[in-house]
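To keep things clear, I will list the structure first and then write my remarks on it.
The values are calculated or read from the model by the stated rules, or taken from the named source; none is laboratory data. All figures in this text were calculated on a predicted structure; none of them were measured in a lab. Reconstructed Cβ throughout: ideal geometry from the backbone, glycine too, with neighbour counts over all protein chains shown. SASA here: full protein model, heavy atoms, side chains in, ligands and nucleic acids out. Shrake-Rupley method; radii C 1.70, N 1.55, O 1.52, S 1.80 Å.
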Amino acid sequence: MNRNNLKECGPCHWELPASGAMRVPVVIYTSDALLRAMDDKALEQAVNVATLPGIVGASYVMPDAHWGYGFPIGGVAAFDADAGGVVSAGGVGFDISCGVRCLLTGLRREHILAVQHALADALYTQIPAGLGSTGAIRLGAAQMDAMLSGGAKWAVGRGWGLDADLARIEEHGQMLHAKPALVSEQAKRRQRDEMGTLGSGNHYLEVQEVTQLFDDAIAQSYGLALGDVVVMIHCGSRGLGHQIGTDFLSRMVAQAPGHGLSLPDRELACAPIHSELGQEYLGAMRAAINCALANRQILTHLVREVFARLLPAAQMPLLYDVSHNTCKLEEHRVNGHLRQLYVHRKGATRAFGPDHPELPAALRAAGQPVLIGGSMGTSSYVLAGAATSETRAFASACHGAGRAMSRHAATNIWQGRQVIDELAGRGVLIRSPSTRGVAEEAPGAYKDVTAVVDAAQAAGLAQKVARLTPLICIKG
């Protein structure tokens, strides 16, 4: 891609006009500095996405974007099934429905500091973390299918949470039209012992303090006040989601010629939405979304148990839970007309604006909470979907800091023990089963999350509400 062809269209808004095989332009929402630092491969992938059949509007790139598998991480694309639109496993990603949820606690910083080391140790003991980590829950075949159909609603029904939680989760905690029968036995085997676990990579659980407010009115409606303590959980569908991605990518590659698809990159393997394969993938993917929702719900229950033992005064309602690796059928207005579109968000967060009917009544006036995790030991943010977000990128925003270098490169620069000690010196306790994993996720391996959030706000994707500073991090 020739960057010289990029046109600046407004604050943090760049466009590459459609040319060659592109069916739509590429639209990039980012600052000049972040754009200069963005890897060329991510931009090339965005161009490739713009060539896919049935794409609507543009191939969108969020400010935290970087190179991924097929689609850039931080990529958004919507497809019209009736116009030959496709669904792409690479456009969802391997960690299907990886997402973030935020719990309020009613506590203050001093409450945490009084038990900080004991709380960090208890959370680390209670929350299985790391590559291949398993928990105490074992699911038989019938229970597995019930979980894949029921999501967080299934978990709450089993005693892992509260009915009130469901209103604060996308899809009310249950993705409809999931098809557990289309999930391979290998995927189910991988997940059988992994419910209620964080996993590895950039997944984490953090205890955080609200250290800055940017919009007092929205913060109040969200239940956030300066000095409050919250808990943020970031994880997804674990081995099951990864296996579903692997299974369907190979099938999509094999069947692409039969569907008349000529792909610029085999990683963009996809299938027509109206095809049998496309429908099978959607059914399996929705089951993986339910797996992720159930997993985060169980983790929420485990966190609440720890706080009940050490900090019994804690009140821990759920603020919100939002995923950032999904494809969902949504209604959006395009050129003045409402259309049913399959919106792929890969490393991108849904960001419905104020008064959207799918939001809970208590949050509707403010807009959807958009939860932005920072890199380990740095700030995270709570944003709100902006009134302009619908017209920018099908009501989508960034999802985190976004990697600035590979994990391998990070381990050539940092040692895990060094990172742990440096963060401890700043008052942030890290607990992890892998010092190498800590090095891979060193803060310097990521973009500046504040710059990413500022770009998202300047582009009209979301409104800054609160900044969160970590006190404890349980790292996978």
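Some notes on this structure:
- Selected residue [of a type in the set (Val, Ile, Thr), within 21 Å of residue 280 (Cα to Cα) and touching a residue at least 12 places away in the same chain (Cβ under 8 Å)] from 156, 183, 230: 183
- The set of residues from the range 257-280 being open to solvent by less than 60 Å² (accessible area, probe 1.4 Å) and either part of a strand (DSSP E or B) or out of contact with any Lys or Arg (no Cβ under 8 Å at 6 or more places or on another chain) (or both) comprises 261, 263, 265, 267, 268, 269, 270, 271, 272, 273, 275, 278.
- Pair list, Cβ < 9 Å and 6+ apart or interchain, from the range 385-402 residues that are without any contact (Cβ under 8 Å) to a residue 60 or more places away in the chain and of a type in the set (Asp, Glu) to residues that are outside any loop (DSSP other than H, G, I, E, B) and open to solvent by 10 Å² or more (accessible area, probe 1.4 Å): 390/333
- Positions within the range 417-439 being touching a helix residue (DSSP H, G or I) at 6+ places or on another chain (Cβ under 6 Å), touching a residue at least 60 places away in the same chain (Cβ under 8 Å) and not aliphatic (A, V, I, L, M), in sequence order: 431, 432
- Here residue 345 fits the description: assigned to a strand (DSSP E or B), at pLDDT 95 or above and either in contact with a Gly (Cβ under 7 Å, 6 or more places away or on another chain) or surrounded by 18 or more Cβ atoms within 10 Å (Cβ to Cβ) (or both).
- Reported count of residues in the range 127-166, each being open to solvent by less than 50 Å² (accessible area, probe 1.4 Å), under 24 Å from residue 201 (Cβ atoms) and over 21 Å from the mean Cα position of the chain (by Cα), is 5.
- Residue check, residue 221 open to solvent by 10 Å² or more (accessible area, probe 1.4 Å), assigned to a loop (DSSP other than H, G, I, E, B) and of a type in the set (Ser, Thr, Tyr): no
- Restricting attention to the range 35-50, the residues that are assigned to a loop (DSSP other than H, G, I, E, B) and in contact with a Leu (Cβ under 8 Å, 6 or more places away or on another chain) add up to 0.
- The single residue among 95, 64, 121 that is acidic (Asp, Glu) and surrounded by fewer than 22 Cβ atoms within 10 Å (Cβ to Cβ) turns out to be 121.
- Wholly within the range 359-439, helices (runs of 4 or more DSSP H) carrying at least 1 residues that are open to solvent by 10 Å² or more (accessible area, probe 1.4 Å) and hydrophobic (A, V, I, L, M, F, W, C): 361-364, 407-411, 416-425
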